[in-house]
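The values are calculated or read from the model by the stated rules, or taken from the named source; none is laboratory data. Given the structure is predicted, the values throughout are model-derived calculations rather than measurements. Glycine gets a Cβ as well: all are built from the backbone with ideal geometry, and neighbour counts include every protein chain shown.
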Amino acid sequence: MSTSPEPAGRTGRNLVFVVLDSLRYDSWVAARPANLARLGEAEKRWSYATWTAPSHLNLMMGLLPHTSPPEVYASEYYKQDFLRYSERLGIEGIEFKRLLPSLFLPTYLKHALGYSTHAMVSMPVLNEHTVINRDFDSYELMPAHNDMAAMLSKLHFSDERPSFYLLNVGETHYPYALPDEDPETWPRISGVHGVFKRLDEREQDQPHPAEPREFFDQAKLRELRDRQINAVTYLDGVFARLFNLLPDNTWVVVTSDHGELFGEDRYFGHGPIAHEKVLEVPFVEGMVP
Ligand SMILES: [Zn+2]
């Protein structure tokens, strides 16, 4: 292990993070994505947060979804997990102290290791004016929230210096729509809208708030879950194209920022939800296959 600074110039592998927004672990498993499986078998891991913004901040701190190890201090896990960047980047002597004081992966990659740094995001909550956009050479909120394929032609790799890309992908986010799907045909979750309507009514008009009521349209929720699974199946084809165009010396991480609830225990979606399923995410990484 060397303690000297990494030399300037071409050192290290390209690093590509693909975050399939809102993708629950078991939706990945149900889809059985064959191209993604070339990276390895997806692990079930746990997100640090239940919502897009805090979860992406955590990812950009270099902390990927965790394995929930018992009897381990958070700071130790962070340091140990960070050392894995030696393998990911193909650079010996990665030191946690060089991540300090910013604790921000793009800052570290750009200024300590000479990477070019890029982000393409699908969710407006991650737009270029947010705190996530720090020390990126380019950062784009994509025109459509659900078009990973549109990112492929914008990927550029150089022989001069390695690249880091964050790709936040939205096909797996509600309403789980594929890019060629007419927005007029997107599902309308009347059951969920109905929840909010009924909650309002309850506060104002309901004499018996404890009275049981149907919160969800179960058939619609099954359809929504199927749509998320179908989105993974579609994206698997986009990943085949991605893997073909990535240079050989590229490390790929595919994961999600949080899970999604499809009616379990009367929850839908993600965000203000404390439920195991909103933390369960797929995780796989390795050299581009
Ligand atoms: Zn998200």
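Restricting segment 214-240 to residues that are in contact (Cβ under 8 Å) with a residue 40 or more places away in the chain and outside any helix (DSSP H, G or I) leaves a set whose member that is nearest to the chain's Cα centre (by Cα) is Phe216.
Looking at segment 93-114, can you tell me whether even one residue there is surrounded by 20 or more Cβ atoms within 10 Å (Cβ to Cβ) and under 26 Å from Gly237 (Cα atoms)? No, every residue in segment 93-114 fails to be surrounded by 20 or more Cβ atoms within 10 Å (Cβ to Cβ) and under 26 Å from Gly237 (Cα atoms). Selection within segment 267-289: residues that are among the β-branched types (Val, Ile, Thr) and away from the ligand (no atom under 15 Å from the Cβ). The member of this set that is nearest to Phe239 (Cα to Cα) is Val288. Filter segment 226-240 down to residues that are polar (S, T, N, Q) and away from the ligand (no atom under 16 Å from the Cβ) and give me whichever is surrounded by the most Cβ atoms within 10 Å (Cβ to Cβ). Ranking the qualifying residues of segment 226-240, first place goes to Asn230. Note on segment 198-247: residues that are more than 22 Å from Asp265 (Cα to Cα), at pLDDT 95 or above and out of contact with any Asp or Glu (no Cβ under 8 Å at 6 or more places or on another chain) total 15. For segment 86-135, filtered to residues that are within 16 Å of the ligand (Cβ to nearest atom) and polar (S, T, N, Q), the residue that is farthest from Met151 (Cα to Cα) is Thr130. Within segment 23-59, the set of residues being among the aromatic types (Phe, Trp, Tyr) and within 12 Å of the ligand (Cβ to nearest atom) comprises Trp51 only. Selection within segment 251-266: residues that are touching a Phe, Trp or Tyr at 6+ places or on another chain (Cβ under 8 Å) and over 18 Å from Asp21 (Cβ atoms). The member of this set that is nearest to the ligand (Cβ to nearest atom) is Gly263.
Note on segment 65-77: among residues that are surrounded by fewer than 20 Cβ atoms within 10 Å (Cβ to Cβ), assigned to a loop (DSSP other than H, G, I, E, B) and not hydroxyl-bearing (Ser, Thr, Tyr), the one that is farthest from the ligand (Cβ to nearest atom) is Glu71.
I'd like to know if segment 157-166 contains one or more residues that are free of Cβ contacts under 8 Å to residues at least 60 places away in the same chain, out of contact with any His (no Cβ under 7 Å at 6 or more places or on another chain), of a type in the set (D, E, K, R) and more than 16 Å from the ligand (Cβ to nearest atom). No. Condition check for Thr11 on (1) in contact with a Leu (Cβ under 8 Å, 6 or more places away or on another chain); (2) at pLDDT 95 or above: one failure, at (2). The set of residues from segment 241-287 being part of a helix (DSSP H, G or I) and either buried (at least 21 other Cβ atoms within 10 Å of the Cβ) or of a type in the set (Phe, Trp, Tyr) (or both) comprises Leu242, Phe243, Val278.
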